[in-house]
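The next block holds one structure in the form of structure tokens; read it before the comments.
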Number of protein chains: 2
Amino acid sequence: MTIVALLQLDHTVGDIDANVKSIENAVGIAQENGADLAVSSELAISGYPPRDLLEKHGFVRQCIEATKSIQVSIPTIVGTPIPPEAERTKPGNGAVRIIPGRPTRVVTQKQLLPTYDVFDEERYFHPDSKPGILRLLDGQNIGVTICEDAWQHAGLVPSDYSVDPIEQLSSFSIDGETLKMSLNLSSSPFHIEKQDTRAEVARCAAKTLEHPFLLCNQVGANDDLIFDGRSLIAWPDGYMIQAPAWKEGILLIDIEKRSGKFLLLNEEDVIDCEIFDGEPTIISRYTELLDAITIGVRDYCRKSGLESVVLGMSGGIDSAVSAAICVRALGSKNVIGISMPSRHSSDHSISDAEFTAEKLGMELLSMPIEEIHHSAESTLIHELEKGHSVAAENIQSRLRGMLVMGVANARGAMAIATGNKSELAMGYCTLYGDMAGGYSPLGDVWKTEVYELAKAINNEAKSSGHDEPINESTMTKPPSAELAPEQTDQDSLPPYEVLDSILQLHMEEGLDADAISGFTGLDIALISDILLRFANNEHKRWQMSPSPRVSKRAFGQGWRQPLAAKKN
Amino acid sequence: MTIVALLQLDHTVGDIDANVKSIENAVGIAQENGADLAVSSELAISGYPPRDLLEKHGFVRQCIEATKSIQVSIPTIVGTPIPPEAERTKPGNGAVRIIPGRPTRVVTQKQLLPTYDVFDEERYFHPDSKPGILRLLDGQNIGVTICEDAWQHAGLVPSDYSVDPIEQLSSFSIDGETLKMSLNLSSSPFHIEKQDTRAEVARCAAKTLEHPFLLCNQVGANDDLIFDGRSLIAWPDGYMIQAPAWKEGILLIDIEKRSGKFLLLNEEDVIDCEIFDGEPTIISRYTELLDAITIGVRDYCRKSGLESVVLGMSGGIDSAVSAAICVRALGSKNVIGISMPSRHSSDHSISDAEFTAEKLGMELLSMPIEEIHHSAESTLIHELEKGHSVAAENIQSRLRGMLVMGVANARGAMAIATGNKSELAMGYCTLYGDMAGGYSPLGDVWKTEVYELAKAINNEAKSSGHDEPINESTMTKPPSAELAPEQTDQDSLPPYEVLDSILQLHMEEGLDADAISGFTGLDIALISDILLRFANNEHKRWQMSPSPRVSKRAFGQGWRQPLAAKKN
């Protein structure tokens, strides 16, 4: 047993047949390339996260039957839901060994069930209480853990579990034999602060276990979760080999020689892995974000059977960056922009959108909203005369939302909502207007980061010999919703640098107004006002579309108390 | 110790000050009426469910400080979040004793943390491992449990817990003294199948414990959860006293005399409780649903600081019933209807809406959409000519959504979405069109049940001497979205009786197509088609507004896998 293959695949939630086929295909390639053992990611058969599919009649049974049917020629460990052992018990999140000529057997089930942030595993799974050991015929024994099982040991969980599966494994011995290595099947979602965290987890485990620790991670996106891959192996001395991010393929590791290579799955190509003793190379933050969101858009569309998207293009930075990302994900012929100027639109709102669309090579429709805006105002005239001014502003945004949806429905495409996280946090956006769309690429990206993404997009174009798609005017004009004469965002919001820093400390670090003021030196009244507004707009976020989760803490199902909000 | 007061109050999530004041006020009234001990509902200080507020910096600390500040003149048990005992540990869901002249002390923390359906408690709380005992100065000892703690014993949990707090209490003794009674602090949400379930739980506990078991339940609504109250006491022989549903007040029980009365909180009135040896009286299903949804609308608006609502009125059954419920919740002067006929609208769509609005005494605006519809079609003409027909149909619905939102924004009111659960399940509704609104009163009510609600509304009007608000035409015409000529729902949906029975078996009982076919005798192809369509419309429900949860199993956060849906 010297060559291990970690199957870094892009599984689809619920598509059991396709998941089985992709594993069989990859194991075949691994075996041809000399692998002795293949390892899948966590819940590879169901895809991760399976959520309520697990409660669907027969689903868990289908998963285990499909797992048992897998045809492979080398020993393979596969992640799958496991039917409960007793009545009135939940299923397990397990690893099954498939060894030619021997009966299929459950090696272990996950002990530590993360139930925080994007995770809800206590909801669906029953925890195991012992470590998993894979006994191979050649007398080698291998420890097996599943994702979170390895994280308690590194102290990288928000609140401590009562057990530590890595400690359990370290005290394990069979007839005096120690373990040769340990495996971890992961579906560990991406966020932008996480790049080197898994290396820390693997090294910490390898050091305690005194043998190599291998972690196979899913790649691709399901719903709002994104998986970067970066499968890896760590030795007790800190030496590591890591697969590339965002690529589907096989990390082939020679345990004895401490060498590895990554076989790309679709391109019949081999790429080098990163090998390091110290810190892994950290990819530039905005290159990384760009790749993450692109994968999010691409997989959301592909797995939903959608080829093309439609978005409104205002000439502003958000829609320009959204368009560029969609083109990156789906190709320029599958992205349709619509310019929808109103009487409040500036001249450059049209020309800047045209510039970006032309450079991206995408279609741009022109649909001025003046006539329909006038009709809508006439219909609502008595209400608008005496009502809040926001009513009149929102009409334009909702008419645009209606037009974008009209084109999307006519073409069988999906509408893209172009709003960013700063706007959504403040409610500086219109329900059923600019919030309309099946997916929000920038919904977890602060406004200040949108500008950095724009630069990364321009840099990428330039370095590959193309014109920059986002022009100077789009980059530098004052942000404006253009829903009232001479309006800019800063009429009703603080500068985005200030706003984003306050919101980030509140959302991601959990700080209250006093603590944020102490940390930033900003005025407490300003901070309190922002936090109140953030809380009071929960009700809008309740209805926002899914968005690729890239930040340390995204808007989530937990962020929902319109009632509490009003009082705090 | 003979008189116990169960404080059946309507707490607001996050409004700590108001929750403290309402407890102090209620305990004062209880004491004036002879109570020796007062008991609140679960998490009365934070309100239930506090969700992510628990992760907000300082929130749990504020709750416990507020609890310690409570001024009462009789011993009182109060539900509140409890700060964690150790670092890197979650808070507890606890009960604190407040006894004049003695230190405030945590009596117990919840052991069984429900994490299924609408519950997510493993996410937020650390479980306790021992039962709670309240020791009073007169030498009496009282068992204390929190909500779910009592449900394992009755076997009424979806999957078994490893401990049973009622069994723990039953084996408890202090210096040979047994417990005089046991308490349960609950925030047990309503659903339509649950009316007599809590009685079963309490009786089962009382029988095992061989002493009276008292359960105090929250009343009112927070977000999408509704609480019916119905606080109760059961004796070991099955004798029970139960407080009324939907009323805020104090259930005052004389333990020795086995008698009780309910003091209404706001009306200075006393009403009789139900006393029964056998089964409790089950309120008629649709009277109960009507009350539940009315409380949902009323509390959602009141707690969000909203006085009035706006809704589109098509002359159809859904908008008529929604309007009647809103009038019931908020009063006729706070409900604004809009009639928005298009070229596809029938004559009766206007006259039926006028009839209902007039009988309900509410304002009805008229805003024909022909002109704006024409403008929108002109703008989209090239797309509509070659595109899917659904694009043209949806425009009308979205224009109406825009008008409803326009009136709501102008008046500072909330838009009401009038769609029902059958439509939402099938995606037979328009995103940003008829789905637009801050709250969906009928979002968890099957279409067939909407008709029953209409009858209950008419019966209520008749029995109080008023005209029936929903006329024969609205009740009997074929349901139609009226988005195309001569269109009816049954052009693209099976009859609602069939549809609802299939969806209910799938969603609430977890049956697959084969099982549903076996149970109903319906054609398997029809069933499979419906289940596929149900799954393929996850993405729409992702963006639906909150709706009062009244069914055994509502659409929930778990029902979200647009990707899986496409494949299953």
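The values are calculated or read from the model by the stated rules, or taken from the named source; none is laboratory data. Given the structure is predicted, the values throughout are model-derived calculations rather than measurements. Cβ coordinates were reconstructed from backbone atoms using ideal geometry, including for glycine residues, and neighbour counts include every protein chain displayed.
Being among the β-branched types (Val, Ile, Thr) and either in contact with a Leu (Cβ under 9 Å, 6 or more places away or on another chain) or more than 20 Å from B:His126 (Cβ to Cβ) (or both) is the filter here; which residues of the range A:101-129 pass it?
As a first pass, look at the range A:101-129 and keep what is among the β-branched types (Val, Ile, Thr): A:104, A:106-108, A:115, A:118.
Within the range A:101-129, A:Thr104, A:Val106, A:Val107, A:Thr108, A:Val118 qualify.
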Legend entry - Test for B:Met367: is it facing another protein chain (nearest Cβ under 7 Å) and under 16 Å from B:Gly315 (Cα atoms): yes
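Just the residues that are within 14 Å of another protein chain (Cβ to nearest Cβ) and touching a strand residue (DSSP E or B) at 6+ places or on another chain (Cβ under 7 Å), please, taken from the range B:85-112.
Passing the criteria: B:Pro91, B:Gly92.
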Inset, instruction - Please go through the range B:481-510 and pick out each residue that is at pLDDT below 90 and in a loop (DSSP other than H, G, I, E, B). - result: B:Ala481, B:Glu482, B:Leu483, B:Ala484, B:Pro485, B:Glu486, B:Gln487, B:Thr488, B:Ser492, B:Leu493, B:Gly510
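Does B:Pro485 fit the bill of being over 21 Å from B:Val335 (Cα atoms) and either crowded, with 16+ Cβ neighbours inside 10 Å or under 25 Å from the mean Cα position of the chain (by Cα) (or both)? Steps first, answer last, please.
Numbers: over 21 Å from B:Val335 (Cα atoms): yes; either crowded, with 16+ Cβ neighbours inside 10 Å or under 25 Å from the mean Cα position of the chain (by Cα) (or both): no.
The answer is no for B:Pro485.
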Inset, instruction - Give just the number: which of (1) out of contact with any helix residue (DSSP H, G or I) (no Cβ under 7 Å at 6 or more places or on another chain); (2) outside any loop (DSSP other than H, G, I, E, B); (3) among the charged types (D, E, K, R); (4) within 14 Å of chain A (Cβ to nearest Cβ) does B:Asp117 not satisfy? - result: (2)
Inset, instruction - For A:Tyr239, work out the one condition from (1) more than 30 Å from A:Phe555 (Cα to Cα); (2) surrounded by 20 or more Cβ atoms within 10 Å (Cβ to Cβ) it doesn't fulfil. - result: (2)
Inset, instruction - Scan the range A:122-148 for residues that are surrounded by fewer than 22 Cβ atoms within 10 Å (Cβ to Cβ) and part of a helix (DSSP H, G or I) and jot them down. - result: A:Glu122
Inset, instruction - Just give me the residues in the range B:253-274 being under 25 Å from the mean Cα position of the chain (by Cα) and under 26 Å from B:Cys204 (Cβ atoms), in sequence order. - result: B:Phe262, B:Asp272, B:Cys273, B:Glu274
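Can you tell me which residues in the range A:511-542 are touching a Gly at 6+ places or on another chain (Cβ under 8 Å) and in a helix (DSSP H, G or I)?
A:Arg533, A:Asn536, A:His539, A:Lys540
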Legend entry - Those residues of the range B:375-391 which are surrounded by 14 or more Cβ atoms within 10 Å (Cβ to Cβ) and more than 8 Å from chain A (Cβ to nearest Cβ), in sequence order: B:Glu377
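Which one is nearest to B:Asp10 (Cα to Cα), of the residues in the range B:249-282 that are of a type in the set (A, V, I, L, M, F, W, C) and surrounded by fewer than 17 Cβ atoms within 10 Å (Cβ to Cβ)? I'd like the intermediate steps shown before the answer.
Filtering the range B:249-282 for residues of a type in the set (A, V, I, L, M, F, W, C) gives B:250-253, B:255, B:262-265, B:270-271, B:273, B:275-276, B:282.
If we keep only those that are surrounded by fewer than 17 Cβ atoms within 10 Å (Cβ to Cβ) as well, we get B:264, B:270-271, B:275-276, B:282.
Numbers: B:Leu264: 12, B:Val270: 18, B:Ile271: 18, B:Ile275: 23, B:Phe276: 26, B:Ile282: 23 Å.
This residue is B:Leu264.
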Inset, instruction - Name every residue in the range B:408-432 that is more than 9 Å from chain A (Cβ to nearest Cβ) and without any contact (Cβ under 8 Å) to a residue 12 or more places away in the chain, in order of residue number. - result: none
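Given the criteria over 25 Å from the mean Cα position of the chain (by Cα) and closer than 22 Å to B:Phe59 by Cα, does B:Arg105 qualify? Break it down into steps so the answer makes sense when it comes.
Working: over 25 Å from the mean Cα position of the chain (by Cα): yes; closer than 22 Å to B:Phe59 by Cα: yes.
Against the criterion (over 25 Å from the mean Cα position of the chain (by Cα) and closer than 22 Å to B:Phe59 by Cα), B:Arg105 qualifies.
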Inset, instruction - Could you look through the range B:153-166, keep only residues that are surrounded by fewer than 15 Cβ atoms within 10 Å (Cβ to Cβ) and farther than 16 Å from B:Arg198 by Cβ, and pick out the one that is farthest from the other protein chains (Cβ to nearest Cβ)? - result: B:Ser162
Inset, instruction - Can you confirm whether the range B:62-78 contains a residue that is crowded, with 24+ Cβ neighbours inside 10 Å, in contact with a helix residue (DSSP H, G or I) (Cβ under 9 Å, 6 or more places away or on another chain), within 14 Å of chain A (Cβ to nearest Cβ) and small (Gly, Ala, Ser)? - result: no
Legend entry - Any chance B:Lys56 is free of Cβ contacts under 8 Å to residues at least 12 places away in the same chain and at the interface with chain A (Cβ under 9 Å from one of its Cβ atoms): yes
Inset, instruction - Would you mind finding the one in B:Leu442, B:Leu399, B:Leu453 that is within 13 Å of another protein chain (Cβ to nearest Cβ) and either under 27 Å from A:Pro368 (Cβ atoms) or not charged (D, E, K, R) (or both)? - result: B:Leu399
Inset, instruction - Filter the range A:287-298 for residues that are hydroxyl-bearing (Ser, Thr, Tyr) and surrounded by 19 or more Cβ atoms within 10 Å (Cβ to Cβ) and give the result. - result: A:Thr294
Inset, instruction - Determine whether A:Tyr428 is of a type in the set (Phe, Trp, Tyr) and at pLDDT below 95. - result: yes
Inset, instruction - Would you mind stating whether B:Ser551 is hydroxyl-bearing (Ser, Thr, Tyr), at pLDDT 85 or above and outside any helix (DSSP H, G or I)? - result: yes
Legend entry - Count of residues meeting criterion [part of a loop (DSSP other than H, G, I, E, B) and farther than 24 Å from B:Leu252 by Cβ] in the range B:13-58: 9
Inset, instruction - Would you check if B:Ile336 is in the same structural domain as B:Gly47 (by TED's automatic domain parsing), surrounded by 24 or more Cβ atoms within 10 Å (Cβ to Cβ) and in contact with a Leu (Cβ under 7 Å, 6 or more places away or on another chain)? - result: no
Legend entry - Identity of the residue in the range B:306-324, touching a Leu at 6+ places or on another chain (Cβ under 7 Å) and surrounded by 24 or more Cβ atoms within 10 Å (Cβ to Cβ), that ends up nearest to B:Ala413 (Cα to Cα): B:Val309
Legend entry - In the range A:342-373, residue surrounded by the most Cβ atoms within 10 Å (Cβ to Cβ) [restricted to those that are of a type in the set (A, V, I, L, M, F, W, C) and in a helix (DSSP H, G or I)]: A:Ile372
Legend entry - Of the criteria (1) under 30 Å from A:Glu122 (Cα atoms); (2) within 14 Å of another protein chain (Cβ to nearest Cβ), which one B:Ser41 fails: (2)
Inset, instruction - Identify, from the list B:Phe172, B:Phe190, the residue that is more than 18 Å from B:Leu232 (Cβ to Cβ), part of a loop (DSSP other than H, G, I, E, B) and in the same structural domain as B:Val39 (by TED's automatic domain parsing). - result: B:Phe172
Inset, instruction - Would you check if there is a residue in the range A:457-475 being buried (at least 21 other Cβ atoms within 10 Å of the Cβ) and either of a type in the set (Lys, Arg) or under 30 Å from A:Glu377 (Cβ atoms) (or both)? - result: yes
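Residues in the range A:1-12 that are assigned to a loop (DSSP other than H, G, I, E, B), under 19 Å from the mean Cα position of the chain (by Cα) and away from chain B (no Cβ under 14 Å): how many?
Going residue by residue through the range A:1-12, those that are assigned to a loop (DSSP other than H, G, I, E, B) are A:1-2, A:9-12.
With under 19 Å from the mean Cα position of the chain (by Cα) added as a condition, the list becomes A:9-12.
When the remaining residues are screened for being away from chain B (no Cβ under 14 Å), the result is A:9.
Here the count works out to 1.
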